[in-house]
Structures are given as structure tokens and as C-alpha cells.
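What follows is a single structure, written as C-alpha cells, with notes after it.
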Amino acid sequence: MTSNDEYVLQLLVERGFLTHDQVDAASKSMRAENETVLDVLVSSGAIGEDEVLGTVADQFGLKYCHINAEAIDSGVVKEIPADIAKKYGVVPVVADEDSITVALSDPMGYDAIDSLRYVLHGRDVEAVISPRAEVNAAMVKLYAADADADVQTRDELGLAGEDATGDDAPVIKLATMIITTAIKMKASDIHLEPMEKEFRVRYRIDGALRKMDSPPKRLQQAIISRVKIMSKMKISEKRIPQDGRIQISVGGRDLDLRVSSVPTNHGESIVMRVLDKSNLSLGLPQLGFLTDDQATFERLIKLPDGVVLVTGPTGSGKTTTLYACLGQINTPDKKLITVEDPVEYQMSGINQVQVNKDVGLDFSAALRSILRQAPNIVMIGEIRDAETADIAMEAALTGHLVFSTLHTNDAPSAVTRLLDIGVKPFLVASALRAAMAQRLVRAICEKCRTPYSPTERDIKMLGAIAKTIPETMYHGAGCDKCGKTGYKGRKGIFEIFKVDDTIQRLIFDHAPATLLRQRAREMGMRTLREDGMLKVASGMTSLSEVLRVTMGDAD
């Protein structure tokens, strides 16, 4: 009758509705395999269903009432789709603009109400308890004609892969809903963060974290366990960090989620990185290149040999740029091999090697091995040490085109970084063809883009490059499409450092980054901020965004 009969029986005895002798006698007379002690007591007349449900409803501060499907307005039924009503075992009774009241038959199913609030995007949901027969009858009558709509609704909510029975519990639906909602909002990361008094859910959208409605704190462990099961982690292990992966289909799109768990003071913190395979179809124009930089970069990635580096901090889009490069040069007459940790996207026609340090397959070992596979083009996820860098440089000198990433603030500093980790200057000078630094800036929402004239504060913040400021700039006013932020999507700003004969000599002489940068500027290199300002002038992004990501750019 309820989801926890043992607790209900204890409550009924404490309230004087039953005695211990009656409960013991009923437990001995059970016959059917799925029959409970409470079922026997109700069927024998020892206690009525109204008394059971009324008592438990009162214990949880809920109302107990009878419902009649005939009396429920048809407009109210539309407030909750048939699929959702059946999955949560509820029937809508009354609704207004701000709240909706539902009837359910299990007083112990209060978690379903919390989950339902989340499914209905934070709408206030109240509950009343009604007899199971009445709830079932109302559900059949109100939703009898909606069987086809159920399937459509499940597809829209990304629940098509979930089992409709058995383990299809509210917490499973809630965990799935957290993921599918993030994907629909085009979030790049999902953060599940146990706090002292709340279980915080945040999505990273266009590079900025946005707090969402938090599930009840009491569901924290259940949701975390569900995510760990989905990502094939050990749920019993809560003391050490774990990594996993989830594959999910939403709206006809296949996505991978890279999952990380870390133990914290108040529980395990979970971060899910959404790996959208549609990013593989991005070309260089979609990354945000201006025409001249795009032409320059296309020439670089079509060189027969050498090293081309993409630099920038974590989250600056380096991996996406490298995949876009590989997609552009991946032709049947070339052999491409990558060494990655981890392999984020599966790319057709490319041999991808996953680093596995547990068996000794680190970047340097993998790179040394794949060079025996006679590739034309090699992509290394990241150059982290001198050994990997040396092998990459030597591979470039023996006729391979090598792509990789480095963590440096600007493009010329890539040379300094390579020298600092121990690569010999002659190797860097001979093998390096170019380094490109990049950042991601939020793009102004096209729907609410609004022109304005730059203020004195804008001009003061720009300093020496104030003369490049356009007469008209743009910002996003905020609308429903962009979630009132004024931004929708992200684009790159770039700084391309090419190595010519003069720079080769400077590298060989171990020249500092300032001299390398000075020579690059003489050759026409645009700084990150200058590239950003051109995109401000075109209306692609805002001045505040460019200033935010180029604070260290003094030029």
C-alpha cells in the first residue's frame, strides 16, 4: 500500500489504530508472494484504507482527500504530460499560474514531489494523498488517449532510453533530467556540489557558471550514486577520486560525458564534461577567425612537416581547435595518429591512442611507438615534459607534421616554455613553425544585440589602443533566447606567432620572449586584444568580454 509498510505499521500502533498482536497475526497469515502485512490488515477489516492513508498523510503534514476524475477540469490535465504523470504516479487536481496540486496514493512517495518540482522547472508543487484506486482510475480516464503522446514526451525529455518500470524511480529520472536539461541549455559542464546545507547544481554555459534549482539535500547521495552507476564508477568507494564516462542520446544526438568525482567535506563533488560530437564538424570559420588569420592558419596546417602549437589556459578551446584542424586535413592519402589523455572525441579515419599510465603508456612512450607506424600527421594532446617535447621536435625534423598544445599566456611564450622544460634551442628553432594563442569570448546574442556609444570609462580602460575603438559598439540587452545574459555561444580570439629566419636566430641565441614578441609584431602579428577589438568593431562580442580575457595583454 505504501513504499515503507514497516514504518507505517509502527506509526499505526503508536497512534492506537492497531496492536502488536494484530500485526503479528497478520504477518503469519500472508499467502501471496507480493502481499504485505498492511494489505492483510486492510483486507481483513482490522483497519480501513482511509485510516491508514489519513494517519500517514497527517504525519507528513499532507492533506488526505478523495478525488473524482469527473470533477477534474480538462485544462488542469494539460499541466502535466501523461508520461510524466504515470512515471511519478500523480494526477493533477488544481492548478494556477504559480502552482499545481497533485494527488498521489503513496504518502511515503514524497521524493516524487521533489523530483516533480525539478522536472517542472521549479514550479511550486503541492500534494494531497488519495486512495490508490481513485488515483489509478483518474489516471486511466484522464490520460487514456495519450499513449502516443507519452512516447513523444519521453523523447523530448531525453528519457527514451530509460526503463519504464522497476528501477525507473524518481531519483533516476531526476539524475537524467539534470543531464538532459544541461544539454538542452548547451552547457559544457555539469557541477554537482555538496555544500553544508544544500546540494548545489551548476551548469557552465558559454564559459560562465550558472546556478540552477537545487535538488533536496536529502537526495544528494542517491543522485551521486546514480551518476556513479551511469559512469561505471565504484559506488562503494568514496574516499578517493574516480573517473568515468557516460554515453547518452538526447534529441537524436549521441553525446559522451566525461565524469570526475572528488571527495569533499560534505560529500563527493561530481563534474560532468559534455563532449558534443557536433563540435567535430566545426570548421575554422566557425571558430571565429578573421579572414587573414584564417588564411595564415590554413597555410600552416598544410605544411609537410614541423610543429604547430596551440596555447592558452584550461578551457580556452585548444582541443576544439586541434580537432577542427585534423578534420580539415584528414584525407585518404594521409595517415593521422593522435595521442590523447583522454580521447575526448572519436574521429572517423583517424588512429587515436589513449594514454594509460598504469601500464607505462604515457605521452612519450606512446609517441615513440606511433612514429613507427609511419604517420604523416601526429597530434599530441599536450606537451608536458622534456622527453615528449624532444620526441615531437625530432619527429618534425624527420618529415612529420606535429600538432600539440601548451599552457602559456601568449604565443611567443611557447618558445620560452619549451626552452624552460629542457628542449635544446636548436631543436626549437629548427622544428617550430608557429604557435597560436587563443581565448574564448562570449558572443553577443543576435536576438537582443543593441548598439551603444563607448563611454569615457571604456576609453580609459583601453589605454594605448583607445584609438582603435569603433564609434558604435554593441552589447546584449538580455532576452529569453540567451537566458537574460546578453550572450549566446562563444568565439575565439587569436594571436598567431610565425617563425621566420630572424626568429630562428633569436631562438638559437636563447632570446627572451619580449624580443621574440617584438619581432613578431614587426612581422604584423596581432595581439589577442587587438584581434578582440576587431571583433568588437564587427559586433561579434563586447568590449567587456575582450578586456576580461586579455587583462595580461599590455599591447
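So which residues in segment 504-523 are touching a strand residue (DSSP E or B) at 6+ places or on another chain (Cβ under 9 Å) and either free of Cβ contacts under 8 Å to residues at least 40 places away in the same chain or aromatic (Phe, Trp, Tyr) (or both)? Even if it seems obvious, please write down each step before you answer.
First, the residues of segment 504-523 that are touching a strand residue (DSSP E or B) at 6+ places or on another chain (Cβ under 9 Å): 504, 507, 516-517, 520, 523.
Result: Met523, single match.
Counting only residues that are aromatic (Phe, Trp, Tyr) and not in a loop (DSSP other than H, G, I, E, B), which one in segment 33-91 is least open to solvent (accessible area, probe 1.4 Å)?
The first filter runs over segment 33-91 and keeps only residues aromatic (Phe, Trp, Tyr), leaving 60, 64, 88.
Still in the running and not in a loop (DSSP other than H, G, I, E, B): 64, 88.
Details: Tyr64: 60, Tyr88: 16 Å².
Here the answer is Tyr88.
Identify the residue in segment 408-449 that is open to solvent by 50 Å² or more (accessible area, probe 1.4 Å), touching a strand residue (DSSP E or B) at 6+ places or on another chain (Cβ under 8 Å) and not in a helix (DSSP H, G or I) and, among all such residues, is farthest from Ala511 (Cα to Cα).
Taking the candidates together, the pick is Lys447.
For segment 532-539, check the following and say yes or no: at least one residue is without any contact (Cβ under 8 Å) to a residue 60 or more places away in the chain, under 38 Å from the mean Cα position of the chain (by Cα) and open to solvent by less than 10 Å² (accessible area, probe 1.4 Å). First the steps, then the outcome.
Residues of segment 532-539 without any contact (Cβ under 8 Å) to a residue 60 or more places away in the chain: 538.
With the extra rule that they be under 38 Å from the mean Cα position of the chain (by Cα), the set shrinks to 538.
Still in the running and open to solvent by less than 10 Å² (accessible area, probe 1.4 Å): none.
Checked segment 532-539: no residue is without any contact (Cβ under 8 Å) to a residue 60 or more places away in the chain, under 38 Å from the mean Cα position of the chain (by Cα) and open to solvent by less than 10 Å² (accessible area, probe 1.4 Å).
Which of the residues belonging to segment 389-404 are buried (at least 24 other Cβ atoms within 10 Å of the Cβ) and polar (S, T, N, Q)?
Scanning segment 389-404 gives a single hit, Ser404.
When the residues of segment 488-527 are filtered to those that are of a type in the set (D, E, K, R) and outside any helix (DSSP H, G or I), which remaining residue is least open to solvent (accessible area, probe 1.4 Å)?
Looking only at segment 488-527, we keep the residues that are of a type in the set (D, E, K, R), and these are 488, 490-491, 495, 498, 500-501, 505, 509, 517, 519, 521-522, 526.
The next check asks that each one be outside any helix (DSSP H, G or I); those that pass are 488, 490-491, 495, 498, 500, 509, 526.
Details: Lys488: 81, Arg490: 86, Lys491: 60, Glu495: 1, Lys498: 80, Asp500: 36, Asp509: 110, Arg526: 51 Å².
Step by step, filter segment 488-527, then rank; the result is Glu495.
Which of the strands (runs of 3 or more DSSP E) contained wholly in segment 290-380 include at least 2 residues that are surrounded by 14 or more Cβ atoms within 10 Å (Cβ to Cβ) and in contact with a His (Cβ under 9 Å, 6 or more places away or on another chain)?
On the way: elements: 306-311, 336-340, 351-354, 377-380.
The strands (runs of 3 or more DSSP E) meeting that bar are 306-311, 377-380.
Going by the conditions given, is Val171 free of Cβ contacts under 8 Å to residues at least 40 places away in the same chain and either surrounded by 18 or more Cβ atoms within 10 Å (Cβ to Cβ) or in a loop (DSSP other than H, G, I, E, B) (or both)? Steps first, please.
Values: free of Cβ contacts under 8 Å to residues at least 40 places away in the same chain: no; either surrounded by 18 or more Cβ atoms within 10 Å (Cβ to Cβ) or in a loop (DSSP other than H, G, I, E, B) (or both): yes.
Answer is no for this residue.
When you scan segment 495-522, how many residues do you find that are modelled with pLDDT under 95 and of a type in the set (Phe, Trp, Tyr)?
Qualifying residue count, segment 495-522: 1.
Answer with yes or no whether Val250 is among the hydrophobic types (A, V, I, L, M, F, W, C) and either out of contact with any strand residue (DSSP E or B) (no Cβ under 7 Å at 6 or more places or on another chain) or at pLDDT below 90 (or both). Explain how you work it out, then say what you get.
Details: among the hydrophobic types (A, V, I, L, M, F, W, C): yes; either out of contact with any strand residue (DSSP E or B) (no Cβ under 7 Å at 6 or more places or on another chain) or at pLDDT below 90 (or both): yes.
Yes.
May I ask you to list the residues in segment 303-350 that are over 18 Å from Ile383 (Cβ atoms), among the aliphatic types (A, V, I, L, M) and within 24 Å of the chain's Cα centre (by Cα)?
If the condition is that a residue be over 18 Å from Ile383 (Cβ atoms), among the aliphatic types (A, V, I, L, M) and within 24 Å of the chain's Cα centre (by Cα), then Ala324, Met347 are the ones that fit.
Across segment 187-199, which residue is least open to solvent (accessible area, probe 1.4 Å) among those that are in contact (Cβ under 8 Å) with a residue 60 or more places away in the chain and outside any strand (DSSP E or B)?
This residue is Ala187.
Quick check on my filter: what residues within segment 200-259 are in a loop (DSSP other than H, G, I, E, B) and open to solvent by less than 60 Å² (accessible area, probe 1.4 Å)?
Start the filter on segment 200-259 by keeping residues that are in a loop (DSSP other than H, G, I, E, B), which leaves 206-207, 212-216, 231-241, 251-252.
Those that are in a loop (DSSP other than H, G, I, E, B) and open to solvent by less than 60 Å² (accessible area, probe 1.4 Å): Asp206, Gly207, Met212, Ser214, Pro215, Pro216, Ser231, Met233, Glu237.
The values are calculated or read from the model by the stated rules, or taken from the named source; none is laboratory data. Being a predicted model, the structure only gives us computed values, none of them experimental. Don't worry about glycine lacking a Cβ; one is built from the backbone with ideal geometry, like all the others, and counts go over all protein chains shown. Surface areas here come from the heavy atoms of the whole protein model, side chains and all, with no ligands, DNA or RNA. Shrake-Rupley method; radii C 1.70, N 1.55, O 1.52, S 1.80 Å.
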